[in-house]
Amino acid sequence: MLPITSTLAPTSPIMNAQSPCISISANSKSPSTVRVLSFRSPRCAGDSRYEGNTPTFPRINVQDPYRRLGVSRDASEKEIWSSRNFLLAQYAPYERSAESIELAFEKLLMDSFVRTKKRKINLKSMLKKQVQESPPWFKNLLGFVEVPPTVIILRRLFLFAFIAGWSIMNSAETGPAFQVAISLGACVYFLNGKKKSLAKASMIGLGLLVAGWICGSFLVPAIPAALLHPSWTLELITSLVAYVFLFLGCTFLK
């Protein structure tokens with residue numbers, strides 16, 4: 001007897017996969033056999049990835065990165081970051097939109113870096129030009145000044161700031177005489193490393209202390225009382241000014 005096969009399949013045009021099929025066959029060995037070939041859920045062609053519901057960035061093809069992000073040419077770095085984050089929050093699900101926003105953002109950051117570098121170069125050139133055009137006495141004065149590495153500046157600034165804080169904390173109990181002596185000794189020590197002469201370093205240190213004390217004595221009466229703490233005495237404020245002179249002298253004098 002010839003095998004009889006019956007296949008049931010829907011003919012809807014929107015089906016994208018094989019539909020359920022049933023085969024019934026008969027042969028000499030088995031009088032009747034029912035075999036289920038496959039059962040798959042129907043899947044529409046529209047089930048594939050679809051981004052039509054995701055809004056597309058309207059300025060995706062704008063060449064100017066400023067216009068693409070919607071910022072002005074004098075926008076700050078904070079404004080650029082804010083615009084980038086705002087646009088990504090809206091259009092990040094759409095890959096092309098996100099890439100366009102990120103590319104414009106990177107270009108603006110690079111432009112900002114280049115402008116900052118140019119400003120620094122221009123500032124150095126202007127300062128150098130001003131020094132060259134300055135009077136001879138000013139040039140001679142600059143000959144006594146040098147700028148040490150930033151690490152040295154920060155270390156000495158921390159030391160004298162600590163001494164100043166120590167003086168303020170103990171101002172109610174004792175005067176700042178002990179702290180002034182320590183700051184003078186530190187200044188002489190640092191100057192001796194430059195001058196290689198203890199006598200010369202001591203003279204410069206004492207001169208800085210006297211100059212700072214005199215300037216502080218004239219400066220304190222000019223400061224409004226509302227800006228000063230009630231417990232701060234004239235001696236304390238004068239010593240704080242002297243610390244500034246000692247720090248500047250031992251740090252920036254050659």
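Are there any trypsin sites (Lys or Arg not before Pro) in segment 160-198 that are in a DSSP loop and have at most 10 other Cβ atoms within 10 Å? List them by number.
Values: sites: 194, 195, 196; in loops: 196.
The qualifying sites are 196.
Using C-alpha pairs below 8 Å separated by at least 6 residues, the relative contact order for segment 134-254 is 39 percent.
Could you work out Rg/(2.2 N^0.38 Å) for segment 142-252, with Rg from alpha carbons only? Mind showing how you got there, number by number?
Details: Rg = 14.4 Å, N = 111, 2.2 N^0.38 = 13.2 Å.
Normalised Cα radius of gyration, segment 142-252: 1.10.
Residues 60, 163, arranged from fewest to most other Cβ atoms within 10 angstrom of their Cβ, appear as 60, 163.
With a cut-off of 13 Å between beta carbons, the residues surrounding residue 186 carry a summed charge of +2, where Lys and Arg count +1 and Asp and Glu -1.
Taking the Cβ of each residue in 79, 235 as the centre, tally the other Cβ atoms inside 10 Å and list the residues starting with the fewest. Intermediate values should be presented prior to the final figure.
Values: 79 15, 235 18.
By the 10 Å Cβ count, ascending: 79, 235.
Please go through segment 63-134 and write out the trypsin sites (Lys or Arg not before Pro) that DSSP classes as loop and that have at most 15 other C-beta atoms within 10 Å. Kindly include the intermediate steps, with their values, before the conclusion.
Numbers: sites: 67, 68, 73, 78, 84, 96, 107, 115, 117, 118, 119, 120, 124, 128, 129; in loops: 73.
Answer in residue order: 73.
Per the Cα gyration tensor, segment 122-188 maps to an equivalent ellipsoid with semi-axes of 36, 14, 11 Å, ordered largest to smallest.
Using a 10 Å cut-off around each Cβ, can you sort 250, 187 from fewest to most neighbouring Cβ atoms? Before the final figure, lay out each step's value.
Details: 250 26, 187 29.
In order of increasing Cβ crowding within 10 Å: 250, 187.
Residue by residue, segment 242-254 carries 3J(HN,Hα) couplings of 5, 4, 5, 5, 5, 5, 5, x, 6, 9, 10, 6, 6 Hz when phi is fed to the Karplus relation 6.51 cos²θ - 1.76 cosθ + 1.60 (θ = phi - 60°); x denotes Gly or Pro. Sparse packing (at most 11 other Cβ atoms within 10 Å of the Cβ) combined with a DSSP loop state is found for the following GluC sites (Glu not before Pro) in segment 133-186: 146, 173. Note on segment 65-133: Cα convex hull, mean projected area over all directions, 4.8 nm².
Read-outs: derived from the displayed coordinates by stated rules, not from any lab. Fair warning: this is a prediction, and the values are worked out from it, not measured in the lab. Quick reminder, even Gly has a Cβ in these numbers, built from the backbone with ideal geometry, and neighbours come from all protein chains shown.
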